[in-house]
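Undergrad: I'd like to ask you about the structure that follows.
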């Protein structure tokens, strides 16, 4: 299926979710902090929620690629983001998943 035929109903939410999750990861740390504070009516979500939201969307990348809704290059870019986030996970990297890290870390 090509992009110009419309998004199949079962893929529409996945496409939007993937785009949204990548856009949120691309925000400045300050904007990510604001996003985390707005999602649940002012109750801040944990910083690692940024990775979890992407991870949920990333699960659909093979289906989106197969359906022609993302290109091979876009799927590879998503895989690279997933690998970067995996490399930032674990107890030894807990310092990366704080509000302070959003404000100051290059990751």
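Undergrad: Test of understanding: in a Gaussian network model of the chain with alpha carbons linked when under 10 Å, which of 57, 17, 28 would top the mean-square fluctuation ranking?
TA: 28
Undergrad: Looking at the chain as a GNM with Cα springs under 10 Å, which of 73, 48, 82 has the largest mean-square fluctuation?
TA: 73
Undergrad: If you average the sequence gap of Cα pairs under 8 Å that are 6 or more apart and divide by the length of region 10-104, what percent do you get for the contact order? It would help to have the intermediate numbers written out before the result.
TA: Numbers: 60 pairs, mean separation 31.6, N = 95.
Across region 10-104, relative contact order equals 33 percent.
Undergrad: Among 18, 80, 64, determine the one that fluctuates most according to a GNM of the chain built with springs between C-alpha atoms less than 10 Å apart.
TA: Largest GNM mean-square fluctuation: 80.
Undergrad: Using the 2.2 N^0.38 Å rule of thumb for compact globular proteins, work out how the chain stacks up: its C-alpha Rg over that value, please. Before the final figure, lay out each step's value.
TA: Working: Rg = 15.1 Å, N = 107, 2.2 N^0.38 = 13.0 Å.
For the chain, the normalised Cα radius of gyration comes out at 1.16.
Undergrad: Moving on to the next point. Quickly estimate the mean residue ellipticity at 222 nm for the chain, helices only: each DSSP H run with n ≥ 4 gives -39500 (n - 2.57), and the total goes over all residues, rounded to 500. Spell out each step's value before the answer.
TA: Working: 6 runs with 63 residues, N = 107.
Estimated from H runs of four or more residues: -17500 deg cm²/dmol.
Only the coordinates and a few stated rules stand behind these numbers; no lab work does. Keep in mind that what you see is a predicted model, and the values were worked out from it rather than measured.
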